[in-house]
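The values are calculated or read from the model by the stated rules, or taken from the named source; none is laboratory data. Remember, predicted model here, so these are calculated numbers, not experimental data. All Cβ positions, glycine included, derive from the backbone under ideal geometry; neighbour counts span all protein chains shown.
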Amino acid sequence: MLVPADIVSIFRGIVSAVFAYLAVFGPGMALCQQPESVRAVEAQSGLVLSRSGDVSLGAPQFHVTSDLVVIPVTVTDHQGRTVRGLQKEHFTLYEDSVEQRITQFASEDVPVSISLVLDTSASMGPKLERAREAAAALVNNSNPEDEFSLVKFNSRAELTMGFTKNKKDIRSRMAMVQTFGATALLDAVAVALNEMKGAHHTRKAIILISDGEDNASHCSVRELKEAVRRADVQIYVIGIADSDSYSRYRAAQSLTGFPLLEEITQQTGGHLFQVDRLKQLTEIASKIGAWLRNQYVLAYAPNNLQNNGTYHEIKVTVTRPEGFSRLRAFWRLGYYEMAQTH
């Protein structure tokens, strides 16, 4: 017969087990299985900034008294190199096909909260060292005020280190990871998105290094796509695969491989970099670092904001100044306006 003390002890054990489970699986699973957590991502998003207060994009500070939508834009030339020197008049911005007046413009190197997401599944064994070098190069060449978190994933996704500005700690933690198991890629992106709720900078980015198709996630494609659309986070992917592998993914209309990652990166204003030679990894990581440090930031007050949670499509065009080569722009394709709460 159980006495009250025994019951209390058993209850505490159950509670401890539940919290231990959530500590391991909580970030990814909460985002993927609970609609409330998706709304939490939306609520904490810096994409649509609230009605009053000081808004910091790093440098300079924008002071606003109305709803403001902030769109980072990367502009590259035909060789993928970032283009500097453009002015506000070179950009035209549309929301739902209606031109908007750009009220604030900045092009400074401002701090970013970056989540490094590293594939440590068994197939990454011969590639891990180069992947570590690539991630380290990105950390080393970042803005001094950037902060980093680290998510690793194999059969499950795990937040290995929360946000820190201590680059030595991040490099040390990356050096400790080992490869084994399957590939829970979608869960890993979900974990990184949840961790972004603790980010300290307005600008946020996820950088994923992986060689494979998801085969172990609990998170569904639909859930992840919706979470990505609601979160104000740019996603960059370094996809390690030969051209034949990439073609096979496309031919099979893969739901969880590189075509999905390409769609997600385009949605967020990031990019998928396909790598077929390991020696390219460090070069691509450096390119991503340059993209993050050389962005234009456009801000505008929407003409027809209704505060009903509607999704709005964004389009940005760039007028090429005389003497510039062909330009290409990358930006977030849309946002959900905040729903009015009563």
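Numbers for the structure displayed
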| read-out | value |
| --- | --- |
| Sole exception among (1) touching a residue at least 40 places away in the same chain (Cβ under 8 Å); (2) over 30 Å from GLY323 (Cα atoms); (3) not assigned by TED's automatic domain parsing to the domain that holds GLU313 for ARG171, by number | (1) |
| Per-region count, region 220-241, residues surrounded by 20 or more Cβ atoms within 10 Å (Cβ to Cβ) and small (Gly, Ala, Ser) | 3 |
| Qualifying position, being within 21 Å of GLY334 (Cβ to Cβ) and either of a type in the set (A, V, I, L, M, F, W, C) or not in a loop (DSSP other than H, G, I, E, B) (or both), among ALA227, ALA216, ALA188, ALA182 | ALA227 |
| Flag for GLU322 being surrounded by fewer than 16 Cβ atoms within 10 Å (Cβ to Cβ), under 23 Å from the mean Cα position of the chain (by Cα) and among the charged types (D, E, K, R) | no |
| Residue among ALA131, ALA135 that is crowded, with 24+ Cβ neighbours inside 10 Å, within 16 Å of the chain's Cα centre (by Cα) and not in a strand (DSSP E or B) | ALA135 |
| Residue match in region 232-246 (condition: within 27 Å of VAL112 (Cα to Cα), at pLDDT below 95 and not in a strand (DSSP E or B)) | yes |
| Residue selected from region 192-211 under the condition in contact with an Asp or Glu (Cβ under 7 Å, 6 or more places away or on another chain) and over 22 Å from ASP109 (Cα atoms), by the criterion surrounded by the fewest Cβ atoms within 10 Å (Cβ to Cβ) | ASP211 |
| Residue in region 158-171 that is crowded, with 16+ Cβ neighbours inside 10 Å and more than 21 Å from the chain's Cα centre (by Cα) present | no |
| Qualifying residue in region 184-200 (condition: farther than 30 Å from VAL70 by Cα and either among the acidic types (Asp, Glu) or not assigned by TED's automatic domain parsing to the domain that holds GLY309 (or both)) | yes |
| Looking only at region 101-122, and only at residues there that are buried (at least 20 other Cβ atoms within 10 Å of the Cβ) and of a type outside the set (A, V, I, L, M, F, W, C), the one that is farthest from ALA182 (Cα to Cα) | PRO111 |
| Residue in region 275-284 that is crowded, with 20+ Cβ neighbours inside 10 Å and either at pLDDT 90 or above or aromatic (Phe, Trp, Tyr) (or both) present | yes |
| Residue in region 251-265 that is modelled with pLDDT of 90 or more and in contact with a Lys or Arg (Cβ under 6 Å, 6 or more places away or on another chain) present | no |
| Unmet criterion (only one of (1) over 25 Å from PRO126 (Cα atoms); (2) touching a residue at least 60 places away in the same chain (Cβ under 8 Å)) for LEU208 | (1) |
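Residues are listed down the side, and each one gets a yes or a no for (1) in contact with a His (Cβ under 6 Å, 6 or more places away or on another chain); (2) at pLDDT below 95:
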residue: ILE102; (1), (2): no, no
residue: SER113; (1), (2): yes, no
residue: ASN141; (1), (2): no, yes
residue: PRO144; (1), (2): no, yes
